[in-house]
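First up is the structure itself, then whatever we jot down about it.
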Amino acid sequence: MPRSRPAASRPLIDFEAPSHEVAPRLIGVTLLVDGVGGRIVETEAYDREEPASHTFGGQTPRNAVMFGPAGHAYVYRSYGIHWCLNFVCREAGHGAGVLIRAIEPTHGLDRMRRRRGLDDPRLLCAGPGRVGQALAIDAGFNGMALDAPPFELVAAAEGHPPLVVDVGPRIGISKAVELPWRFGEKGSRYLSKPFRR
DNA sequence: ATTTTGATCTGCT
DNA sequence: GCAGATCAAAATG
């Protein structure tokens, strides 16, 4: 009698899917970089077909990784200051990804506090630039595979009550504002901004 | 409580 | 030149 296949033998997330489908599935998943991180509580989807995406105008040196295979990290510099982390989605050549916007810190709080120069856990990873600083992301992570160290993704534990995902418009963009491609854990105190309705 | 400003990178016009 | 998938400190009401 074959026993059921261990969950670890199957990829945790199918990144070869549209980013607006991958983004909500990432909510509740634990993201660790060198053992530091926590539960993803906020994401945004971006896609080549849509003008808010870095890939909208085609491939450039900066966004080249997003045109590569899914399941890799796309890291970009935001406003000249911050490093932001994305997960590449869809088939190679498409140009789609999910921006990691906020994390509920659970692992390596001390290291995150040192990197951020802050104590309040609610401010450690509440925003894409803050996530980058807390996890010590920089250009060297661009293009790295997400299924190998230093990255680690851990499935969400089944919660009681079960996890509910809020949906809304993306933040900080001026084009394609109508797309409801921001996702977050309902009621989380670790979001970059609350969800309205 | 809301607005402004500085940080100063990347790609487009 | 300038706008942008941002954040924090400073100025202002």
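The values are calculated or read from the model by the stated rules, or taken from the named source; none is laboratory data. No experiment lies behind these values; they were computed from the predicted model shown. FYI the Cβ positions are ideal-geometry reconstructions off the backbone, even for glycines, and counts take in every protein chain you see. Surface areas here come from the heavy atoms of the whole protein model, side chains and all, with no ligands, DNA or RNA. Shrake-Rupley method; radii C 1.70, N 1.55, O 1.52, S 1.80 Å.
Please tell me if residue A:92 is in a loop (DSSP other than H, G, I, E, B), of a type in the set (Gly, Ala, Ser), touching a residue at least 12 places away in the same chain (Cβ under 8 Å) and in contact with a Cys (Cβ under 6 Å, 6 or more places away or on another chain). For residue A:92, the condition - in a loop (DSSP other than H, G, I, E, B), of a type in the set (Gly, Ala, Ser), touching a residue at least 12 places away in the same chain (Cβ under 8 Å) and in contact with a Cys (Cβ under 6 Å, 6 or more places away or on another chain) - is not met. Looking at A:101, A:48, A:90, A:25, just one residue is more than 22 Å from residue A:138 (Cβ to Cβ) and either of a type in the set (A, V, I, L, M) or within 13 Å of the chain's Cα centre (by Cα) (or both), and that residue is A:25.
What residue, of A:114, A:77, is near DNA strand C (Cβ under 9 Å from one of its atoms), basic (Lys, Arg) and out of contact with any Leu (no Cβ under 9 Å at 6 or more places or on another chain)? It would help to see each step written out before you state the result.
Details: A:114 fails: near DNA strand C (Cβ under 9 Å from one of its atoms).
Unique residue meeting the criteria: A:77.
The number of residues in the stretch A:133-183 that are hydroxyl-bearing (Ser, Thr, Tyr) and under 15 Å from the mean Cα position of the chain (by Cα) comes to 0. Residues in the stretch A:162-182 that are under 20 Å from residue A:38 (Cβ atoms) and free of Cβ contacts under 8 Å to residues at least 24 places away in the same chain: 2 in all.
In the set A:104, A:21, A:49, only one residue is open to solvent by 10 Å² or more (accessible area, probe 1.4 Å) and either assigned to a strand (DSSP E or B) or under 17 Å from residue A:172 (Cβ atoms) (or both); that residue is A:104.
With respect to the stated conditions, residue A:118 is modelled with pLDDT under 95 and open to solvent by 30 Å² or more (accessible area, probe 1.4 Å).
Residues in the stretch A:52-80 that are aromatic (Phe, Trp, Tyr) and farther than 19 Å from residue A:17 by Cα were compared, and the one that is most open to solvent (accessible area, probe 1.4 Å) is A:79.
Considering each residue of the stretch A:55-72 in turn, at least one proves to be part of a strand (DSSP E or B), touching a helix residue (DSSP H, G or I) at 6+ places or on another chain (Cβ under 7 Å) and either more than 7 Å from DNA strand C (Cβ to nearest atom) or closer than 18 Å to residue A:128 by Cα (or both). Condition check for residue A:83 on (1) over 30 Å from residue A:60 (Cα atoms); (2) open to solvent by 60 Å² or more (accessible area, probe 1.4 Å); (3) in contact (Cβ under 8 Å) with a residue 40 or more places away in the chain: one failure, at (1). Screening the stretch A:136-197 for strands (runs of 3 or more DSSP E) wholly inside it with 2 or more residues that are among the hydrophobic types (A, V, I, L, M, F, W, C) and open to solvent by less than 70 Å² (accessible area, probe 1.4 Å) returns the ranges A:151-154.
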